[in-house]
Amino acid sequence: MSSAMRYLSKSMNASILVSLKNGVFVRGILRSYDNHLNLILDNAEEIYTAPDGETKQSSIGKRVLIRGDNVIVISTPKIEELEE
Amino acid sequence: MSSAMRYLSKSMNASILVSLKNGVFVRGILRSYDNHLNLILDNAEEIYTAPDGETKQSSIGKRVLIRGDNVIVISTPKIEELEE
Amino acid sequence: MSSAMRYLSKSMNASILVSLKNGVFVRGILRSYDNHLNLILDNAEEIYTAPDGETKQSSIGKRVLIRGDNVIVISTPKIEELEE
Amino acid sequence: MSSAMRYLSKSMNASILVSLKNGVFVRGILRSYDNHLNLILDNAEEIYTAPDGETKQSSIGKRVLIRGDNVIVISTPKIEELEE
Amino acid sequence: MSSAMRYLSKSMNASILVSLKNGVFVRGILRSYDNHLNLILDNAEEIYTAPDGETKQSSIGKRVLIRGDNVIVISTPKIEELEE
Amino acid sequence: MSSAMRYLSKSMNASILVSLKNGVFVRGILRSYDNHLNLILDNAEEIYTAPDGETKQSSIGKRVLIRGDNVIVISTPKIEELEE
Amino acid sequence: MSSAMRYLSKSMNASILVSLKNGVFVRGILRSYDNHLNLILDNAEEIYTAPDGETKQSSIGKRVLIRGDNVIVISTPKIEELEE
(Lines give C-alpha, C1' and ligand atoms only; values in the text may rest on other atoms or scores of the structure.)
Protein backbone atom coordinates (compact mmCIF):
# COMPACT_ATOMS: atom_id res chain seq x y z
CA MET A 1 0.00 0.00 0.00
CA SER A 2 1.54 3.29 -1.06
CA SER A 3 2.07 6.21 1.31
CA ALA A 4 -0.74 8.18 -0.28
CA MET A 5 -3.21 5.31 0.05
CA ARG A 6 -2.27 4.68 3.68
CA TYR A 7 -2.69 8.38 4.46
CA LEU A 8 -6.15 8.43 2.90
CA SER A 9 -7.11 5.15 4.58
CA LYS A 10 -6.37 6.69 7.98
CA SER A 11 -8.33 9.83 7.03
CA MET A 12 -11.58 8.00 6.21
CA ASN A 13 -14.66 9.72 7.65
CA ALA A 14 -12.52 12.60 8.86
CA SER A 15 -12.64 16.20 7.68
CA ILE A 16 -9.90 16.91 5.14
CA LEU A 17 -8.77 20.10 3.43
CA VAL A 18 -7.69 19.78 -0.20
CA SER A 19 -5.77 22.44 -2.13
CA LEU A 20 -6.32 22.17 -5.87
CA LYS A 21 -4.16 23.22 -8.84
CA ASN A 22 -6.71 25.89 -9.87
CA GLY A 23 -6.10 27.71 -6.57
CA VAL A 24 -9.30 26.53 -4.88
CA PHE A 25 -9.44 24.97 -1.39
CA VAL A 26 -12.13 22.37 -0.68
CA ARG A 27 -13.01 20.96 2.73
CA GLY A 28 -15.22 17.94 3.40
CA ILE A 29 -15.60 14.54 5.06
CA LEU A 30 -13.60 11.88 3.18
CA ARG A 31 -15.94 9.04 2.30
CA SER A 32 -13.98 7.20 -0.38
CA TYR A 33 -10.85 7.39 -2.55
CA ASP A 34 -9.03 5.33 -5.16
CA ASN A 35 -5.46 4.96 -6.35
CA HIS A 36 -5.76 7.90 -8.77
CA LEU A 37 -6.32 10.04 -5.64
CA ASN A 38 -9.90 10.60 -6.80
CA LEU A 39 -11.72 11.70 -3.65
CA ILE A 40 -15.37 11.51 -2.57
CA LEU A 41 -16.17 14.19 0.01
CA ASP A 42 -19.36 14.81 1.94
CA ASN A 43 -20.59 18.25 3.01
CA ALA A 44 -17.99 19.81 0.73
CA GLU A 45 -17.26 23.52 1.04
CA GLU A 46 -15.08 25.82 -0.94
CA ILE A 47 -12.87 27.92 1.35
CA TYR A 48 -11.93 31.40 0.16
CA THR A 49 -10.80 34.77 1.36
CA ALA A 50 -13.43 37.47 1.03
CA PRO A 51 -12.44 40.96 -0.20
CA ASP A 52 -12.56 42.15 3.44
CA GLY A 53 -9.81 39.62 4.29
CA GLU A 54 -12.06 37.23 6.16
CA THR A 55 -11.97 33.49 5.45
CA LYS A 56 -15.35 32.25 4.30
CA GLN A 57 -16.85 29.01 3.04
CA SER A 58 -19.66 28.18 0.68
CA SER A 59 -21.19 24.75 0.17
CA ILE A 60 -20.39 23.06 -3.18
CA GLY A 61 -22.38 19.88 -2.60
CA LYS A 62 -23.42 17.26 -0.08
CA ARG A 63 -21.30 14.71 -1.93
CA VAL A 64 -18.67 15.62 -4.52
CA LEU A 65 -16.04 13.84 -6.59
CA ILE A 66 -12.64 15.52 -6.95
CA ARG A 67 -10.53 14.18 -9.84
CA GLY A 68 -7.22 13.17 -8.33
CA ASP A 69 -4.91 14.87 -10.80
CA ASN A 70 -6.05 18.28 -9.50
CA VAL A 71 -4.78 17.69 -5.96
CA ILE A 72 -1.73 19.52 -4.60
CA VAL A 73 -1.89 19.04 -0.81
CA ILE A 74 -4.30 17.24 1.52
CA SER A 75 -4.35 17.93 5.24
CA THR A 76 -6.47 16.26 7.92
CA PRO A 77 -6.52 18.68 10.81
CA LYS A 78 -8.31 16.44 13.27
CA ILE A 79 -6.75 12.98 13.01
CA GLU A 80 -3.12 13.48 13.92
CA GLU A 81 -3.77 12.52 17.50
CA LEU A 82 -4.91 9.08 16.27
CA GLU A 83 -1.51 8.36 14.75
CA GLU A 84 0.89 6.25 16.76
CA MET B 1 -14.86 -0.61 -9.04
CA SER B 2 -12.99 2.60 -8.23
CA SER B 3 -14.45 5.37 -6.07
CA ALA B 4 -14.94 7.61 -9.07
CA MET B 5 -16.79 4.95 -11.05
CA ARG B 6 -19.04 4.10 -8.10
CA TYR B 7 -19.83 7.79 -7.61
CA LEU B 8 -20.78 8.19 -11.27
CA SER B 9 -22.76 4.94 -11.26
CA LYS B 10 -24.90 6.29 -8.42
CA SER B 11 -25.33 9.60 -10.27
CA MET B 12 -26.76 8.07 -13.47
CA ASN B 13 -29.78 9.97 -14.82
CA ALA B 14 -29.31 12.63 -12.15
CA SER B 15 -28.40 16.26 -12.66
CA ILE B 16 -24.69 16.85 -12.06
CA LEU B 17 -22.59 20.00 -11.97
CA VAL B 18 -19.08 19.73 -13.43
CA SER B 19 -16.33 22.29 -12.91
CA LEU B 20 -13.75 22.22 -15.70
CA LYS B 21 -10.08 23.21 -15.78
CA ASN B 22 -10.80 26.10 -18.17
CA GLY B 23 -12.96 27.74 -15.47
CA VAL B 24 -16.30 26.77 -17.00
CA PHE B 25 -19.14 25.08 -15.08
CA VAL B 26 -21.43 22.69 -16.96
CA ARG B 27 -24.68 21.22 -15.62
CA GLY B 28 -26.65 18.36 -17.18
CA ILE B 29 -28.24 14.95 -16.75
CA LEU B 30 -25.59 12.21 -16.59
CA ARG B 31 -26.41 9.60 -19.22
CA SER B 32 -23.14 7.72 -19.51
CA TYR B 33 -19.48 7.74 -18.43
CA ASP B 34 -16.36 5.65 -18.81
CA ASN B 35 -13.20 5.04 -16.82
CA HIS B 36 -11.43 8.08 -18.31
CA LEU B 37 -14.19 10.14 -16.61
CA ASN B 38 -15.51 11.02 -20.06
CA LEU B 39 -19.09 12.15 -19.42
CA ILE B 40 -22.22 12.20 -21.59
CA LEU B 41 -24.67 14.84 -20.36
CA ASP B 42 -28.16 15.65 -21.59
CA ASN B 43 -29.69 19.13 -21.57
CA ALA B 44 -26.26 20.56 -20.84
CA GLU B 45 -25.97 24.17 -19.75
CA GLU B 46 -22.99 26.38 -19.09
CA ILE B 47 -23.37 28.20 -15.77
CA TYR B 48 -21.78 31.62 -15.48
CA THR B 49 -21.94 34.84 -13.53
CA ALA B 50 -23.27 37.76 -15.56
CA PRO B 51 -21.64 41.21 -15.25
CA ASP B 52 -24.52 42.26 -12.95
CA GLY B 53 -23.50 39.47 -10.51
CA GLU B 54 -26.43 37.20 -11.30
CA THR B 55 -25.88 33.50 -12.01
CA LYS B 56 -27.13 32.58 -15.47
CA GLN B 57 -27.15 29.53 -17.70
CA SER B 58 -27.09 29.04 -21.44
CA SER B 59 -27.71 25.75 -23.24
CA ILE B 60 -24.65 24.14 -24.86
CA GLY B 61 -26.40 21.11 -26.33
CA LYS B 62 -29.08 18.50 -25.80
CA ARG B 63 -26.35 15.86 -25.52
CA VAL B 64 -22.69 16.64 -25.02
CA LEU B 65 -19.45 14.75 -24.42
CA ILE B 66 -17.01 16.15 -21.86
CA ARG B 67 -13.46 14.77 -22.16
CA GLY B 68 -12.59 13.42 -18.72
CA ASP B 69 -9.17 15.03 -18.32
CA ASN B 70 -10.84 18.46 -18.09
CA VAL B 71 -12.82 17.63 -14.95
CA ILE B 72 -11.94 19.17 -11.57
CA VAL B 73 -14.99 18.55 -9.38
CA ILE B 74 -18.35 16.86 -9.93
CA SER B 75 -21.29 17.41 -7.61
CA THR B 76 -24.72 15.81 -7.73
CA PRO B 77 -26.99 18.10 -5.77
CA LYS B 78 -30.08 15.91 -5.80
CA ILE B 79 -28.95 12.38 -5.02
CA GLU B 80 -27.38 12.55 -1.60
CA GLU B 81 -30.59 11.56 0.08
CA LEU B 82 -30.42 8.24 -1.81
CA GLU B 83 -27.10 7.34 -0.18
CA GLU B 84 -27.21 5.10 2.87
CA MET C 1 -17.11 0.34 -26.31
CA SER C 2 -16.50 3.36 -24.08
CA SER C 3 -19.02 6.15 -23.61
CA ALA C 4 -16.94 8.55 -25.66
CA MET C 5 -16.62 6.12 -28.57
CA ARG C 6 -20.34 5.35 -28.55
CA TYR C 7 -21.13 9.06 -28.54
CA LEU C 8 -18.88 9.67 -31.52
CA SER C 9 -20.19 6.60 -33.34
CA LYS C 10 -23.73 8.01 -33.11
CA SER C 11 -22.48 11.41 -34.30
CA MET C 12 -20.92 10.13 -37.54
CA ASN C 13 -21.73 12.32 -40.56
CA ALA C 14 -23.46 14.82 -38.31
CA SER C 15 -22.42 18.38 -37.59
CA ILE C 16 -20.55 18.65 -34.29
CA LEU C 17 -19.24 21.60 -32.33
CA VAL C 18 -15.92 21.11 -30.54
CA SER C 19 -14.53 23.43 -27.85
CA LEU C 20 -10.76 23.26 -27.61
CA LYS C 21 -8.37 23.94 -24.72
CA ASN C 22 -6.90 26.98 -26.52
CA GLY C 23 -10.31 28.67 -26.36
CA VAL C 24 -11.24 28.04 -30.00
CA PHE C 25 -14.55 26.52 -31.15
CA VAL C 26 -14.58 24.39 -34.31
CA ARG C 27 -17.67 23.13 -36.12
CA GLY C 28 -17.76 20.52 -38.87
CA ILE C 29 -19.17 17.23 -40.14
CA LEU C 30 -17.67 14.29 -38.23
CA ARG C 31 -16.20 11.84 -40.75
CA SER C 32 -13.95 9.72 -38.54
CA TYR C 33 -12.50 9.41 -35.04
CA ASP C 34 -10.30 7.08 -33.04
CA ASN C 35 -9.88 6.15 -29.40
CA HIS C 36 -7.56 9.08 -28.69
CA LEU C 37 -10.56 11.28 -29.58
CA ASN C 38 -8.68 12.42 -32.70
CA LEU C 39 -11.40 13.81 -34.96
CA ILE C 40 -11.66 14.21 -38.75
CA LEU C 41 -14.11 16.98 -39.64
CA ASP C 42 -15.32 18.12 -43.06
CA ASN C 43 -16.22 21.71 -43.92
CA ALA C 44 -14.62 22.82 -40.68
CA GLU C 45 -15.21 26.35 -39.46
CA GLU C 46 -13.82 28.28 -36.55
CA ILE C 47 -16.61 29.99 -34.58
CA TYR C 48 -15.76 33.27 -32.89
CA THR C 49 -17.31 36.41 -31.52
CA ALA C 50 -16.50 39.50 -33.58
CA PRO C 51 -15.65 42.80 -31.81
CA ASP C 52 -19.22 43.99 -32.50
CA GLY C 53 -20.55 41.04 -30.43
CA GLU C 54 -21.81 39.04 -33.38
CA THR C 55 -21.00 35.32 -33.72
CA LYS C 56 -19.11 34.65 -36.93
CA GLN C 57 -17.46 31.70 -38.63
CA SER C 58 -14.51 31.35 -40.95
CA SER C 59 -13.55 28.21 -42.87
CA ILE C 60 -10.41 26.41 -41.64
CA GLY C 61 -10.42 23.60 -44.18
CA LYS C 62 -12.56 21.18 -46.15
CA ARG C 63 -11.12 18.33 -44.11
CA VAL C 64 -9.20 18.80 -40.88
CA LEU C 65 -7.68 16.63 -38.15
CA ILE C 66 -8.11 17.71 -34.53
CA ARG C 67 -5.69 16.06 -32.09
CA GLY C 68 -7.85 14.51 -29.37
CA ASP C 69 -5.98 15.81 -26.34
CA ASN C 70 -7.14 19.36 -27.18
CA VAL C 71 -10.84 18.58 -26.82
CA ILE C 72 -12.89 19.91 -23.89
CA VAL C 73 -16.52 19.45 -24.93
CA ILE C 74 -18.24 18.06 -28.04
CA SER C 75 -21.87 18.75 -28.81
CA THR C 76 -23.97 17.43 -31.68
CA PRO C 77 -26.89 19.79 -31.98
CA LYS C 78 -28.85 17.84 -34.60
CA ILE C 79 -28.78 14.18 -33.57
CA GLU C 80 -30.46 14.07 -30.20
CA GLU C 81 -33.78 13.19 -31.74
CA LEU C 82 -32.22 9.96 -33.07
CA GLU C 83 -31.48 8.72 -29.55
CA GLU C 84 -33.88 6.32 -27.99
CA MET D 1 -5.01 2.17 -38.79
CA SER D 2 -6.33 5.03 -36.68
CA SER D 3 -8.21 8.01 -38.07
CA ALA D 4 -5.26 10.29 -37.53
CA MET D 5 -2.83 7.97 -39.32
CA ARG D 6 -5.20 7.50 -42.28
CA TYR D 7 -5.63 11.27 -42.55
CA LEU D 8 -1.88 11.82 -42.61
CA SER D 9 -1.35 8.94 -45.03
CA LYS D 10 -3.71 10.61 -47.52
CA SER D 11 -1.93 13.96 -46.98
CA MET D 12 1.55 12.69 -47.90
CA ASN D 13 3.43 15.06 -50.21
CA ALA D 14 0.64 17.60 -49.94
CA SER D 15 0.81 21.03 -48.37
CA ILE D 16 -0.59 21.01 -44.83
CA LEU D 17 -1.25 23.76 -42.33
CA VAL D 18 -0.57 22.94 -38.66
CA SER D 19 -1.76 25.01 -35.71
CA LEU D 20 0.41 24.51 -32.64
CA LYS D 21 -0.32 24.89 -28.92
CA ASN D 22 2.06 27.86 -28.63
CA GLY D 23 -0.17 29.84 -31.01
CA VAL D 24 2.08 29.42 -34.09
CA PHE D 25 0.87 28.23 -37.51
CA VAL D 26 3.27 26.24 -39.69
CA ARG D 27 2.72 25.32 -43.34
CA GLY D 28 4.77 22.83 -45.35
CA ILE D 29 4.81 19.71 -47.53
CA LEU D 30 4.19 16.58 -45.45
CA ARG D 31 7.02 14.12 -46.09
CA SER D 32 6.68 11.75 -43.17
CA TYR D 33 4.84 11.17 -39.89
CA ASP D 34 4.62 8.59 -37.13
CA ASN D 35 2.03 7.48 -34.62
CA HIS D 36 2.98 10.18 -32.10
CA LEU D 37 1.84 12.66 -34.79
CA ASN D 38 5.46 13.76 -35.18
CA LEU D 39 5.55 15.46 -38.58
CA ILE D 40 8.34 16.02 -41.11
CA LEU D 41 7.57 19.03 -43.31
CA ASP D 42 9.50 20.39 -46.30
CA ASN D 43 9.69 24.09 -47.21
CA ALA D 44 8.17 24.93 -43.85
CA GLU D 45 6.92 28.44 -43.23
CA GLU D 46 5.56 30.13 -40.14
CA ILE D 47 2.33 31.97 -40.94
CA TYR D 48 1.58 35.10 -38.94
CA THR D 49 -0.39 38.32 -39.00
CA ALA D 50 1.78 41.42 -39.38
CA PRO D 51 1.00 44.55 -37.34
CA ASP D 52 -0.67 46.06 -40.45
CA GLY D 53 -3.17 43.17 -40.42
CA GLU D 54 -1.69 41.38 -43.43
CA THR D 55 -0.99 37.63 -43.34
CA LYS D 56 2.68 36.93 -43.94
CA GLN D 57 4.99 33.92 -43.97
CA SER D 58 8.63 33.42 -43.17
CA SER D 59 10.66 30.29 -43.89
CA ILE D 60 11.62 28.20 -40.86
CA GLY D 61 13.56 25.50 -42.71
CA LYS D 62 13.69 23.34 -45.82
CA ARG D 63 12.95 20.30 -43.67
CA VAL D 64 11.62 20.48 -40.12
CA LEU D 65 10.42 18.09 -37.43
CA ILE D 66 7.35 19.06 -35.40
CA ARG D 67 6.92 17.11 -32.15
CA GLY D 68 3.45 15.65 -32.27
CA ASP D 69 2.27 16.66 -28.82
CA ASN D 70 2.27 20.33 -29.90
CA VAL D 71 -0.34 19.83 -32.64
CA ILE D 72 -3.88 21.21 -32.26
CA VAL D 73 -5.36 21.10 -35.80
CA ILE D 74 -4.03 19.97 -39.19
CA SER D 75 -5.69 21.01 -42.42
CA THR D 76 -4.78 19.98 -45.96
CA PRO D 77 -6.31 22.62 -48.19
CA LYS D 78 -5.54 20.98 -51.53
CA ILE D 79 -6.38 17.29 -51.17
CA GLU D 80 -10.07 17.19 -50.34
CA GLU D 81 -11.00 16.69 -54.00
CA LEU D 82 -9.07 13.42 -53.94
CA GLU D 83 -11.31 11.97 -51.23
CA GLU D 84 -14.15 9.75 -52.30
CA MET E 1 16.32 1.75 -5.96
CA SER E 2 16.16 4.97 -7.95
CA SER E 3 18.09 8.10 -7.00
CA ALA E 4 14.94 9.85 -5.87
CA MET E 5 13.88 6.96 -3.64
CA ARG E 6 17.34 6.67 -2.07
CA TYR E 7 17.38 10.41 -1.40
CA LEU E 8 14.00 10.24 0.33
CA SER E 9 14.97 7.10 2.25
CA LYS E 10 17.95 8.96 3.73
CA SER E 11 15.72 11.95 4.56
CA MET E 12 13.20 9.97 6.65
CA ASN E 13 12.23 11.74 9.88
CA ALA E 14 14.27 14.76 8.88
CA SER E 15 12.99 18.24 8.12
CA ILE E 16 12.67 18.80 4.35
CA LEU E 17 11.79 21.85 2.28
CA VAL E 18 9.68 21.23 -0.83
CA SER E 19 9.18 23.75 -3.62
CA LEU E 20 5.95 23.15 -5.53
CA LYS E 21 4.91 23.99 -9.10
CA ASN E 22 2.31 26.50 -7.87
CA GLY E 23 5.11 28.61 -6.36
CA VAL E 24 4.50 27.52 -2.76
CA PHE E 25 7.24 26.25 -0.40
CA VAL E 26 6.31 23.67 2.23
CA ARG E 27 8.52 22.53 5.12
CA GLY E 28 7.92 19.54 7.37
CA ILE E 29 9.24 16.29 8.82
CA LEU E 30 9.27 13.53 6.20
CA ARG E 31 7.33 10.55 7.57
CA SER E 32 6.64 8.55 4.44
CA TYR E 33 6.91 8.63 0.63
CA ASP E 34 6.21 6.37 -2.34
CA ASN E 35 7.54 5.99 -5.86
CA HIS E 36 5.23 8.70 -7.25
CA LEU E 37 7.14 11.09 -4.94
CA ASN E 38 3.94 11.46 -2.88
CA LEU E 39 5.16 12.79 0.45
CA ILE E 40 3.73 12.60 3.99
CA LEU E 41 5.01 15.49 6.11
CA ASP E 42 4.45 16.20 9.80
CA ASN E 43 4.22 19.69 11.30
CA ALA E 44 3.97 21.10 7.79
CA GLU E 45 4.35 24.84 7.28
CA GLU E 46 3.99 27.02 4.24
CA ILE E 47 6.98 29.35 3.89
CA TYR E 48 6.37 32.74 2.30
CA THR E 49 7.76 36.23 2.04
CA ALA E 50 5.64 38.83 3.79
CA PRO E 51 5.04 42.23 2.13
CA ASP E 52 7.71 43.72 4.42
CA GLY E 53 10.27 41.34 2.90
CA GLU E 54 10.51 39.06 5.92
CA THR E 55 10.29 35.27 5.54
CA LYS E 56 7.37 33.86 7.51
CA GLN E 57 5.73 30.49 8.02
CA SER E 58 2.19 29.41 8.77
CA SER E 59 1.11 25.91 9.76
CA ILE E 60 -0.84 23.95 7.11
CA GLY E 61 -1.37 20.78 9.15
CA LYS E 62 0.14 18.38 11.61
CA ARG E 63 0.25 15.70 8.92
CA VAL E 64 -0.19 16.45 5.21
CA LEU E 65 0.01 14.57 1.92
CA ILE E 66 1.70 16.28 -1.03
CA ARG E 67 0.89 14.75 -4.42
CA GLY E 68 4.23 13.95 -6.03
CA ASP E 69 3.62 15.47 -9.44
CA ASN E 70 3.63 18.96 -7.86
CA VAL E 71 7.22 18.71 -6.62
CA ILE E 72 10.03 20.74 -8.21
CA VAL E 73 12.90 20.59 -5.71
CA ILE E 74 13.36 18.94 -2.30
CA SER E 75 16.15 19.95 0.05
CA THR E 76 17.03 18.47 3.44
CA PRO E 77 19.04 21.15 5.20
CA LYS E 78 20.03 19.11 8.21
CA ILE E 79 21.06 15.68 6.98
CA GLU E 80 24.00 16.33 4.69
CA GLU E 81 26.48 15.68 7.44
CA LEU E 82 25.09 12.12 7.72
CA GLU E 83 26.05 11.33 4.12
CA GLU E 84 29.25 9.42 3.58
CA MET F 1 12.31 3.50 -37.07
CA SER F 2 9.88 6.36 -36.52
CA SER F 3 9.85 9.55 -38.58
CA ALA F 4 11.32 11.56 -35.73
CA MET F 5 14.18 9.11 -35.19
CA ARG F 6 15.00 8.96 -38.92
CA TYR F 7 15.02 12.76 -39.07
CA LEU F 8 17.42 13.00 -36.15
CA SER F 9 19.59 10.17 -37.51
CA LYS F 10 20.08 12.15 -40.74
CA SER F 11 20.85 15.31 -38.72
CA MET F 12 23.72 13.80 -36.72
CA ASN F 13 26.75 16.08 -36.48
CA ALA F 14 24.84 18.84 -38.26
CA SER F 15 23.79 22.19 -36.83
CA ILE F 16 20.15 22.13 -35.70
CA LEU F 17 17.84 24.83 -34.41
CA VAL F 18 15.40 23.79 -31.67
CA SER F 19 12.39 25.83 -30.56
CA LEU F 20 11.35 25.04 -26.99
CA LYS F 21 8.00 25.33 -25.20
CA ASN F 22 9.32 28.09 -22.91
CA GLY F 23 9.84 30.33 -25.97
CA VAL F 24 13.61 29.85 -26.16
CA PHE F 25 15.50 28.90 -29.36
CA VAL F 26 18.67 26.81 -29.02
CA ARG F 27 21.16 26.09 -31.81
CA GLY F 28 23.95 23.51 -31.70
CA ILE F 29 25.60 20.50 -33.32
CA LEU F 30 23.53 17.35 -32.78
CA ARG F 31 25.75 14.70 -31.20
CA SER F 32 23.21 12.23 -29.86
CA TYR F 33 19.48 11.68 -29.30
CA ASP F 34 17.15 9.03 -27.98
CA ASN F 35 13.55 8.02 -28.52
CA HIS F 36 12.24 10.54 -25.96
CA LEU F 37 13.68 13.22 -28.30
CA ASN F 38 16.26 14.03 -25.63
CA LEU F 39 19.01 15.84 -27.54
CA ILE F 40 22.74 16.27 -26.90
CA LEU F 41 24.04 19.42 -28.61
CA ASP F 42 27.60 20.74 -28.85
CA ASN F 43 28.50 24.43 -28.94
CA ALA F 44 24.95 25.27 -27.94
CA GLU F 45 23.75 28.85 -28.19
CA GLU F 46 20.53 30.52 -27.17
CA ILE F 47 19.17 32.66 -30.02
CA TYR F 48 17.21 35.74 -29.06
CA THR F 49 16.08 39.12 -30.33
CA ALA F 50 17.79 42.04 -28.62
CA PRO F 51 15.77 45.14 -27.66
CA ASP F 52 17.19 46.91 -30.76
CA GLY F 53 15.55 44.22 -32.95
CA GLU F 54 18.78 42.44 -33.86
CA THR F 55 19.08 38.65 -33.58
CA LYS F 56 21.83 37.69 -31.17
CA GLN F 57 23.24 34.50 -29.68
CA SER F 58 24.88 33.67 -26.38
CA SER F 59 26.64 30.41 -25.55
CA ILE F 60 24.83 28.11 -23.10
CA GLY F 61 27.43 25.33 -23.00
CA LYS F 62 29.89 23.31 -25.04
CA ARG F 63 27.70 20.25 -24.54
CA VAL F 64 24.11 20.40 -23.33
CA LEU F 65 21.21 18.01 -22.80
CA ILE F 66 17.73 19.15 -23.83
CA ARG F 67 14.89 17.12 -22.30
CA GLY F 68 12.77 15.95 -25.21
CA ASP F 69 9.37 16.93 -23.88
CA ASN F 70 10.29 20.62 -24.23
CA VAL F 71 10.77 20.45 -28.00
CA ILE F 72 8.31 22.09 -30.39
CA VAL F 73 10.12 22.26 -33.76
CA ILE F 74 13.58 21.16 -34.94
CA SER F 75 15.09 22.46 -38.17
CA THR F 76 18.40 21.50 -39.76
CA PRO F 77 19.23 24.33 -42.11
CA LYS F 78 22.26 22.78 -43.76
CA ILE F 79 21.43 19.16 -44.50
CA GLU F 80 18.46 19.27 -46.86
CA GLU F 81 20.71 18.97 -49.90
CA LEU F 82 21.86 15.59 -48.60
CA GLU F 83 18.33 14.16 -48.75
CA GLU F 84 17.44 12.07 -51.77
CA MET G 1 21.77 3.33 -22.44
CA SER G 2 19.87 6.36 -23.70
CA SER G 3 21.56 9.60 -24.73
CA ALA G 4 20.31 11.37 -21.63
CA MET G 5 21.61 8.67 -19.30
CA ARG G 6 25.03 8.60 -21.01
CA TYR G 7 25.24 12.38 -20.75
CA LEU G 8 24.47 12.30 -17.03
CA SER G 9 26.83 9.37 -16.47
CA LYS G 10 29.70 11.43 -17.93
CA SER G 11 28.69 14.41 -15.79
CA MET G 12 28.88 12.59 -12.46
CA ASN G 13 30.64 14.60 -9.74
CA ALA G 14 30.89 17.57 -12.07
CA SER G 15 29.19 20.94 -11.69
CA ILE G 16 26.04 21.15 -13.82
CA LEU G 17 23.65 23.98 -14.54
CA VAL G 18 19.96 23.04 -14.82
CA SER G 19 17.26 25.28 -16.28
CA LEU G 20 13.80 24.44 -14.93
CA LYS G 21 10.32 24.93 -16.38
CA ASN G 22 9.43 27.49 -13.69
CA GLY G 23 12.18 29.78 -14.99
CA VAL G 24 14.69 29.01 -12.23
CA PHE G 25 18.33 28.02 -12.84
CA VAL G 26 20.01 25.66 -10.37
CA ARG G 27 23.71 24.84 -10.25
CA GLY G 28 25.33 22.04 -8.24
CA ILE G 29 27.56 18.97 -8.25
CA LEU G 30 25.77 15.98 -9.81
CA ARG G 31 25.87 13.09 -7.33
CA SER G 32 23.19 10.80 -8.68
CA TYR G 33 20.40 10.54 -11.27
CA ASP G 34 17.86 8.03 -12.49
CA ASN G 35 16.00 7.36 -15.71
CA HIS G 36 13.24 9.88 -14.90
CA LEU G 37 16.03 12.51 -15.02
CA ASN G 38 15.58 12.99 -11.26
CA LEU G 39 18.83 14.66 -10.17
CA ILE G 40 20.68 14.74 -6.84
CA LEU G 41 22.88 17.83 -6.62
CA ASP G 42 25.32 18.86 -3.88
CA ASN G 43 26.05 22.46 -2.90
CA ALA G 44 23.05 23.55 -4.97
CA GLU G 45 22.59 27.23 -5.72
CA GLU G 46 19.82 29.12 -7.43
CA ILE G 47 21.23 31.48 -10.08
CA TYR G 48 19.31 34.68 -10.71
CA THR G 49 19.67 38.18 -12.08
CA ALA G 50 19.47 40.88 -9.42
CA PRO G 51 17.51 44.08 -10.11
CA ASP G 52 20.84 45.85 -10.81
CA GLY G 53 21.47 43.42 -13.68
CA GLU G 54 24.16 41.41 -11.90
CA THR G 55 24.06 37.60 -11.83
CA LYS G 56 23.88 36.31 -8.28
CA GLN G 57 23.54 32.94 -6.55
CA SER G 58 22.00 31.86 -3.27
CA SER G 59 22.37 28.44 -1.69
CA ILE G 60 19.29 26.20 -1.76
CA GLY G 61 20.79 23.22 0.05
CA LYS G 62 23.85 21.08 0.52
CA ARG G 63 22.04 18.18 -1.14
CA VAL G 64 18.84 18.59 -3.17
CA LEU G 65 16.58 16.43 -5.30
CA ILE G 66 15.22 17.91 -8.53
CA ARG G 67 12.20 16.06 -9.95
CA GLY G 68 13.12 15.19 -13.54
CA ASP G 69 9.96 16.39 -15.26
CA ASN G 70 10.90 20.01 -14.43
CA VAL G 71 14.14 19.95 -16.42
CA ILE G 72 14.50 21.89 -19.69
CA VAL G 73 18.25 22.03 -20.36
CA ILE G 74 21.32 20.70 -18.52
CA SER G 75 24.80 22.00 -19.25
CA THR G 76 28.11 20.84 -17.75
CA PRO G 77 30.46 23.72 -18.31
CA LYS G 78 33.62 22.01 -17.12
CA ILE G 79 33.63 18.51 -18.57
CA GLU G 80 33.59 19.01 -22.32
CA GLU G 81 37.34 18.69 -22.51
CA LEU G 82 37.03 15.16 -21.13
CA GLU G 83 34.89 14.04 -24.08
CA GLU G 84 36.64 12.22 -26.88
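The values are calculated or read from the model by the stated rules, or taken from the named source; none is laboratory data. Computed from a predicted structure; not experimentally measured. Note: ideal-geometry Cβ built from the backbone for every residue, glycine included; neighbour counts use all protein chains shown. When the accessible area is computed, the model is the full protein with side chains, heavy atoms only, and any ligands, DNA or RNA have been set aside. Shrake-Rupley method; radii C 1.70, N 1.55, O 1.52, S 1.80 Å.
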Report the residue count in segment D:32-64 for those that are under 23 Å from C:Asp34 (Cβ atoms) and not acidic (Asp, Glu). 9
Quick count over segment A:1-48, residues being at the interface with chain B (Cβ under 9 Å from one of its Cβ atoms), charged (D, E, K, R) and closer than 20 Å to B:Ser2 by Cα, is 3
Can you find a residue that is among the hydrophobic types (A, V, I, L, M, F, W, C) and not in a strand (DSSP E or B) anywhere in segment G:45-68? yes
Just one of C:Ile72, C:Ile66 is under 11 Å from the mean Cα position of the chain (by Cα) and at the interface with chain D (Cβ under 10 Å from one of its Cβ atoms); which is it? C:Ile66
Would you be able to say whether some residue in segment F:37-54 is without any contact (Cβ under 8 Å) to a residue 12 or more places away in the chain and touching a helix residue (DSSP H, G or I) at 6+ places or on another chain (Cβ under 8 Å)? no
Scanning segment E:1-37 residue by residue, those open to solvent by 10 Å² or more (accessible area, probe 1.4 Å), closer than 17 Å to G:Lys62 by Cβ and over 10 Å from the mean Cα position of the chain (by Cα) turn out to be E:Arg6, E:Tyr7, E:Lys10
Criterion first (farther than 23 Å from E:Lys10 by Cβ and more than 14 Å from chain F (Cβ to nearest Cβ)) does G:Pro77 satisfy it? no
From the list C:Ile40, C:Ile66, which one is out of contact with any Ser or Thr (no Cβ under 9 Å at 6 or more places or on another chain), open to solvent by less than 20 Å² (accessible area, probe 1.4 Å) and within 19 Å of D:Lys10 (Cα to Cα)? C:Ile66
For segment F:43-63, how many residues meet the condition of being open to solvent by less than 20 Å² (accessible area, probe 1.4 Å) and within 10 Å of the chain's Cα centre (by Cα)? 1
